[in-house]
Amino acid sequence: MQMSGAQMVCEALIIEGVQTVFGYPGGAIMNIYDEIYKQDSFEHILNRHEQASVHAADGYARATGKVGVAMVTSGPGFTNAITGLATAYMDSIPMVVISGQVPLSLIGTDGFQEVDAVGISRPCTKHNYLVSDLADLPRIMKEAFHIAKTGRAGPVLVDIPKDITAEFGNFIYPKDVNIPTYKPKYKGNERQIKKASEAIKKAKKPLLYIGGGVVLSNASELVRELADFGQIPTVETLMARGVMGAKNPLLLGMLGMHGNYASNMAMSETDLVISLGARFDDRVTGKLSEFAKYADVIHVDIDPANIGKLVNVDYPIVGDITLVVEKLIEQLKDDINPDNYKSWREVLNRYDNLHPQSYNDSDEVIKPQWAIERIGELVGEDAIITSDVGQHQMWAAQHYPFDRPRQWINSGGLGTMGFGFPAALGAKKGCPDKIVINITGDGSILMNVQELVTASEYKIPVINIILNNHFLGMVRQWQTFFYDKRYSETDLSYQPNFKALAESCGGIGYDVTTKEEFDEALKDAIEKDIVCFINVAVDRFENVLPMVPSGGALYNMLLDHKE
Amino acid sequence: MQKVRRVISVIVMNESSVLARVSGLFAGRGYNIESLTVAPIPESQLSHITIVTNGSEKVIEQITKQLNKLIPTLKVIEHEEMVEKEMVLVKFPIDANLSDIQALCSAYNGGIVNVGLDMVITMVADEPVRVKNFIEATKRYNPIEIVRGGVVAIER
Ligand SMILES: Cc1ncc(C[n+]2csc(CCOP(=O)(O)OP(=O)(O)O)c2C)c(N)n1
């Protein structure tokens with residue numbers, strides 16, 4: 001069929017089953033926006049900043065498992081999208097971003113709004129394309145979606161010059177993808193899997209170390225099964241919260257810098273780490289030479305480059321978690337005695353009783369941890385929780401009772417403040433039946449606060465709970481601990497009127513200072529079903545504990561901070 | 001950890017920006033490039049990139065894995081048993097002792113390839129160590145310019 005390049009882009013999106021596109025128009029991408037105007041197969045959400053468009057597409061992908069799609073214009077539109085690309089790249093999120101580019105004839109001339117999009121985005125995309133011939137466009141669109149969601153998922157950028165979108169050509173959308181140089185490996189090596197299962201049988205103190213890859217591979221059920229019949233103690237990374245379910249007795253908690261005592265001690269004493277889709281991030285391992293010092297390591301990962309990158313691995317298995325765990329279960333099912341690890345479980349239970357995840361509640365002021373627990377009590381399983389970056393993020397990860405994968409959405413790898421609100425918009429578009437709550441800080445929320453307008457216009461009722469400590473709290477905490485309380489540029493006493501700010505954009509605002517008000521506000525917000533800010537005054541100087549100081553060993557935790 | 005020198009061949013799709021992907025990976029992840037050559041593979045849509053690098057075994061392993069991860073990469077060969085050659089062009093003033101220069105080049109399997117009004121150009125293609133020795137030896141004839149071609153290698 002003859003059609004313009006712009007039409008081809010829309011057709012491709014429709015064939016790929018895209019229902020929602022987040023974006024922002026501009027000169028170089030106007031032809032595509034003209035076609036968007038003419039069609040009604042998919043919805044376009046006009047965010048009020050390109051960074052928010054990309055985070056929204058990202059949140060949509062994390063909540064649904066589908067490929068998120070965002071669209072931006074050339075130059076500044078594209079550079080605004082970069083933080084979103086890098087955020088998705090670090091957390092392996094399937095996403096396609098389409099950017100307009102100046103016409104081919106102007107590329108390289110420093111034309112108006114020209115920037116080298118493929119050059120800039122190369123290190124923070126899984127792959128990228130500059131379309132230089134209309135004939136390539138259908139194939140490139142097909143490949144972009146394929147690459148984004150297969151293997152280790154990630155964002156793909158398609159940069160399309162304006163003249164290509166205007167040109168007419170024949171549109172045949174390829175049925176299959178044939179990239180001879182790209183063949184991700186899914187099935188783990190059988191011999192390695194067998195060896196690994198033997199190691200599990202022999203181990204006295206095995207530990208399942210669960211990462212975000214389990215969520216991405218939709219393998220949570222299987223992993224629960226594996227843990228369950230072996231009765232193997234389990235720790236989760238920040239990205240894996242929800243995989244095991246908060247009530248699971250085999251779950252010790254989160255490990256790492258703000259992990260709980262039992263989890264970090266388990267990692268320090270285990271004799272066999274079974275790593276599933278985790279990547280030994282420095283926020284998890286602490287001092288590498290002390291990490292899992294007494295253990296052999298089984299490492300299952302879809303990305304061979306992750307294996308052996310930081311720690312030495314005894315049983316490397318490249319493959320998709322789902323397929324590998326299926327095989328592991330087959331190997332172990334009738335052949336593992338849960339009693340083997342009984343004394344190990346008892347040791348870990350003692351650790352947990354010694355220093356459980358806790359905090360000192362107060363009657364005078366709302367403790368941020370209390371607020372998180374309270375949200376959990378009020379909405380629990382029904383909600384999807386997104387977050388920004390800082391103390392509130394860690395408290396949410398520590399204290400929210402996550403019960404299922406994809407319930408917890410946060411920027412783990414890049415740690416992007418400003419992620420939470422737009423990601424919540426995307427999650428709500430993808431899962432309209434869920435309550436979506438962004439747990440945020442008074443610093444982070446301002447980094448994409450313009451999305452109040454988007455949320456109002458499109459009636460996307462996201463609840464933003466601002467744990468307001470009038471500080472860039474996480475940085476303030478480090479200044480308290482390690483910089484002798486020199487609070488350089490972290491005091492946020494000067495604030496907007498958050499209630500009025502939300503209301504000026506068509507949302508609702510609540511100012512909360514007591515527990516009663518907190519309950520009322522949250523219940524009211526759920527009932528009203530309009531975008532809102534719940535501005536919660538919390539204890540200003542509360543710290544996230546326990547804490548493994550940066551670069552320290554996991555077993556050296558600060559459990560308490562006394563003034 | 002001890003550093004090792006390694007010659008790596010990367011077979012990639014011959015498409016725009018593929019070299020930028022490869023060199024960008026080295027720059028972005030802090031890997032060394034001692035030399036890099038690239039040319040199309042005859043009668044194919046592929047290019048052959050030869051990289052000489054150094055680093056600890058762990059780093060070298062990451063380099064090959066990261067190179068493999070690039071979408072246009074077909075194959076990465078970490079050379080072990082190989083024939084390795086490098087070419088060098090050296091320009092001398094015409095008043096240098098030409099028969100001495102000719103003899104020196106012959107000793108390194110090379111020769112004079114061009115003679116102009118005021119200069120003579122020689123070429124040598126040999127193992128990288130020998131090329132280095134050759135360049136050392138040319139010094140006494142006051143070379144005007146030395147251009148090295150970078151290493152190419154083929155597995156035996
Ligand atoms: C875009 C960006 N800039 C800076 C930082 C560094 N940073 C990490 S946490 C933090 C403080 C966040 O403050 P707030 O959002 O109020 O949350 P709190 O820690 O108080 O809960 C900062 C500045 C970051 N992660 N992202």
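Only one entry in A:V318, A:V324, A:V347 is crowded, with 24+ Cβ neighbours inside 10 Å, more than 16 Å from the ligand (Cβ to nearest atom) and in the same structural domain as A:Q231 (by TED's automatic domain parsing), namely A:V324.
A residue that is within 12 Å of chain A (Cβ to nearest Cβ) and of a type outside the set (A, V, I, L, M, F, W, C) cannot be found anywhere in segment B:82-98. If you check A:T440, A:T416 for being at pLDDT 95 or above, over 18 Å from A:Y60 (Cβ atoms), touching a helix residue (DSSP H, G or I) at 6+ places or on another chain (Cβ under 7 Å) and hydroxyl-bearing (S, T, Y), only one passes: A:T440. Within segment A:159-193, the residues that satisfy the criterion of being within 14 Å of another protein chain (Cβ to nearest Cβ) and part of a loop (DSSP other than H, G, I, E, B) are A:V177, A:N178, A:I179, A:P180, A:T181, A:Y182, A:K183, A:P184, A:K185.
Under the condition of being of a type in the set (G, A, S) and more than 27 Å from the chain's Cα centre (by Cα), which residue from segment A:496-508 is farthest from the ligand (Cβ to nearest atom)? Filtering segment A:496-508 for residues that are of a type in the set (G, A, S) and more than 27 Å from the chain's Cα centre (by Cα), the one farthest from the ligand (Cβ to nearest atom) comes out as A:G506. Restricting attention to segment A:220-240, the residues that are buried (at least 24 other Cβ atoms within 10 Å of the Cβ), in contact with a Lys or Arg (Cβ under 8 Å, 6 or more places away or on another chain) and either assigned to a helix (DSSP H, G or I) or without any contact (Cβ under 8 Å) to a residue 60 or more places away in the chain (or both) add up to 1.
Filtered by the rule that a residue be out of contact with any strand residue (DSSP E or B) (no Cβ under 8 Å at 6 or more places or on another chain) and either crowded, with 19+ Cβ neighbours inside 10 Å or among the hydroxyl-bearing types (S, T, Y) (or both), segment A:1-15 gives A:A6, A:Q7, A:C10, A:A12. Filtering segment B:49-77 down to residues that are in contact (Cβ under 8 Å) with a residue 60 or more places away in the chain and within 14 Å of chain A (Cβ to nearest Cβ), which residue is farthest from B:Q2 (Cα to Cα)? Per the criteria, the residue is B:P72. Within segment A:284-319, how many residues are among the hydrophobic types (A, V, I, L, M, F, W, C) and more than 22 Å from the chain's Cα centre (by Cα)? So the count comes out to 10.
Filtered by the rule that a residue be surrounded by fewer than 24 Cβ atoms within 10 Å (Cβ to Cβ), closer than 20 Å to A:G253 by Cα and within 16 Å of the ligand (Cβ to nearest atom), segment A:356-368 gives a lone residue, A:Y359. Among residues of segment B:1-19 being aliphatic (A, V, I, L, M) and touching a helix residue (DSSP H, G or I) at 6+ places or on another chain (Cβ under 7 Å), the one that is modelled with the lowest pLDDT is B:M1.
All conditions in (1) crowded, with 18+ Cβ neighbours inside 10 Å; (2) within 15 Å of the chain's Cα centre (by Cα) hold for B:Q66, with the sole exception of (2).
Let's see how each residue does on (1) touching a helix residue (DSSP H, G or I) at 6+ places or on another chain (Cβ under 6 Å); (2) hydroxyl-bearing (S, T, Y):
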| residue | (1), (2) |
| --- | --- |
| A:E381 | no, no |
| A:T386 | yes, yes |
| A:Q391 | yes, no |
| A:M394 | no, no |
| A:L446 | no, no |
| A:E451 | yes, no |
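Identification of helices (runs of 4 or more DSSP H) wholly contained in segment A:377-495 with 3 or more residues that are within 12 Å of the ligand (Cβ to nearest atom) yields A:391-399, A:473-482. A residue that is over 28 Å from A:I435 (Cα atoms), surrounded by 14 or more Cβ atoms within 10 Å (Cβ to Cβ) and in contact with a Ser or Thr (Cβ under 6 Å, 6 or more places away or on another chain) occurs nowhere in segment A:530-553.
For the criterion of being within 14 Å of another protein chain (Cβ to nearest Cβ) and crowded, with 18+ Cβ neighbours inside 10 Å, B:V18 passes.
Condition check ((1) away from chain B (no Cβ under 14 Å); (2) of a type in the set (G, A, S); (3) in contact with a strand residue (DSSP E or B) (Cβ under 8 Å, 6 or more places away or on another chain)) across all residues:
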{"position": "A:F78", "(1), (2), (3)": "yes, no, yes"}
{"position": "A:M90", "(1), (2), (3)": "no, no, no"}
{"position": "A:Q113", "(1), (2), (3)": "yes, no, no"}
{"position": "A:S121", "(1), (2), (3)": "no, yes, yes"}
{"position": "A:D133", "(1), (2), (3)": "no, no, no"}
{"position": "A:L137", "(1), (2), (3)": "yes, no, yes"}
{"position": "A:M141", "(1), (2), (3)": "yes, no, yes"}
{"position": "A:I147", "(1), (2), (3)": "no, no, yes"}
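When we screen B:I71, B:I77, B:I60 for residues that are in a loop (DSSP other than H, G, I, E, B) and in contact with a strand residue (DSSP E or B) (Cβ under 8 Å, 6 or more places away or on another chain), the only hit is B:I71. Looking only at residues of segment A:395-423 that are of a type in the set (A, V, I, L, M) and surrounded by fewer than 24 Cβ atoms within 10 Å (Cβ to Cβ), we find that the one that is farthest from A:N248 (Cα to Cα) is A:M417.
The residues of segment B:21-47 that are within 11 Å of another protein chain (Cβ to nearest Cβ) and of a type in the set (A, V, I, L, M), listed by number, are B:V22, B:L25, B:A27, B:L46. B:I121: among the β-branched types (V, I, T) and exposed (fewer than 15 other Cβ atoms within 10 Å of the Cβ), yes or no? Considered against the rule, which asks whether it is among the β-branched types (V, I, T) and exposed (fewer than 15 other Cβ atoms within 10 Å of the Cβ), B:I121 comes out as no.
So that you can scan it fast, the table gives a plain yes or no per residue for (1) out of contact with any Asp or Glu (no Cβ under 9 Å at 6 or more places or on another chain); (2) in contact (Cβ under 8 Å) with a residue 12 or more places away in the chain; (3) among the small types (G, A, S):
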residue: B:H79; (1), (2), (3): no, yes, no
residue: B:V83; (1), (2), (3): no, yes, no
residue: B:V88; (1), (2), (3): no, yes, no
residue: B:L104; (1), (2), (3): yes, yes, no
residue: B:G111; (1), (2), (3): yes, yes, yes
residue: B:N114; (1), (2), (3): yes, no, no
residue: B:I135; (1), (2), (3): yes, yes, no
residue: B:I146; (1), (2), (3): yes, yes, no
residue: B:V151; (1), (2), (3): no, yes, no
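The values are calculated or read from the model by the stated rules, or taken from the named source; none is laboratory data. Not measured: the values here are computed from a predicted model. Neighbour counts are summed over all protein chains in view; Cβ atoms, including those assigned to glycine, are modelled from backbone coordinates with ideal geometry.
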